[in-house]
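A short write-up of the structure that comes next.
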Amino acid sequence: MARISLDPPRTLLYRVLERYSLRTYGEVLEPGRALAHNSRVIFADLRFERAVAKFNKLDPVLKELAVMAAAAHIGCSWCMDFGYWEAHKLGIAQEKLRAVPAWREHRELFSGLEIAVMEYAAAMCESEPAVTDEMSGQLLKLLGEPAFVELTFMVGLENLRSRVNSALGLRSQGFSDRCQIPAVPSRQ
């Protein structure tokens with residue numbers, strides 16, 4: 001159960017967010033509902049997310065696997081649920097998506113580059129980041145600097161999203177149900 005009311009003041013900004021969210025996702029995203037209690041925070045978040053959506057140096061599948069690996073490492077069921085839905089739209093195989101939370105036990109499903117990306121994402125999400133020069137060097141060689149920077153930024157962003165959503169008590173919103181992929185249970 002959310003730790004904050006998901007019924008924010010119905011400001012003009014919230015009504016615009018609500019309309020966009022309903023049209024785009026079929027329902028209002030709970031992180032938006034929670035953040036809308038502070039108009040400056042939701043406005044900054046919306047602007048930021050719109051800018052991030054334009055990034056294009058990293059392969060979208062690698063980006064989604066990195067984001068999902070970060071969310072799984074942190075244990076954010078809302079982010080995993082929404083991530084499954086986003087990844088499903090990209091055409092990532094369901095078997096692979098189900099394996100992301102335990103990718104180390106299912107290496108056969110992933111390419112070497114995908115494993116390197118998820119390993120890097122997990123290392124970035126440690127309380128004290130565990131990224132090594134070897135990890136960075138390998139990914140720089142495989143991806144190039146622009147995509148590596150984007151990868152690093154996206155994992156850091158997912159770390160923010162997952163920690164905020166988890167702290168607010170947000171749980172799976174049912175997006176994965178729409179693509180027949182079960183959400184990862186919350187750690188709490």
Exercise. If you check residue 40 against the conditions, is it among the basic types (Lys, Arg), within 20 Å of residue 1 (Cα to Cα) and open to solvent by 50 Å² or more (accessible area, probe 1.4 Å)?
Worked result: no
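Looking at the structure I just gave you, is residue 122 surrounded by 14 or more Cβ atoms within 10 Å (Cβ to Cβ) and in contact with a His (Cβ under 7 Å, 6 or more places away or on another chain)?
On the way: surrounded by 14 or more Cβ atoms within 10 Å (Cβ to Cβ): yes; in contact with a His (Cβ under 7 Å, 6 or more places away or on another chain): yes.
In short, yes.
So is residue 44 among the small types (Gly, Ala, Ser), out of contact with any Asp or Glu (no Cβ under 8 Å at 6 or more places or on another chain) and assigned to a helix (DSSP H, G or I) or not?
On the way: among the small types (Gly, Ala, Ser): yes; out of contact with any Asp or Glu (no Cβ under 8 Å at 6 or more places or on another chain): yes; assigned to a helix (DSSP H, G or I): yes.
Answer is yes for this residue.
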For this session: Give the residues of the stretch 112-140 that are at pLDDT 95 or above and out of contact with any helix residue (DSSP H, G or I) (no Cβ under 9 Å at 6 or more places or on another chain), sorted by residue number.
Result: 133, 134, 137
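Quick check on residue 156: is it in a helix (DSSP H, G or I) and surrounded by fewer than 18 Cβ atoms within 10 Å (Cβ to Cβ)? Step through it out loud before you land on a result.
On the way: in a helix (DSSP H, G or I): yes; surrounded by fewer than 18 Cβ atoms within 10 Å (Cβ to Cβ): yes.
Yes, satisfied.
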Exercise. Mind checking which pairs have a first residue in the stretch 21-43 that is of a type in the set (Lys, Arg) and a second that is surrounded by 20 or more Cβ atoms within 10 Å (Cβ to Cβ), Cβ under 8 Å, 6 or more apart or different chains?
Worked result: 33/8
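The values are calculated or read from the model by the stated rules, or taken from the named source; none is laboratory data. Since this is a predicted model, take the numbers as computed values, not measurements. Note that we place each Cβ from the backbone using ideal geometry, even for glycine, and neighbour counts take in every protein chain shown. When the accessible area is computed, the model is the full protein with side chains, heavy atoms only, and any ligands, DNA or RNA have been set aside. Shrake-Rupley method; radii C 1.70, N 1.55, O 1.52, S 1.80 Å.
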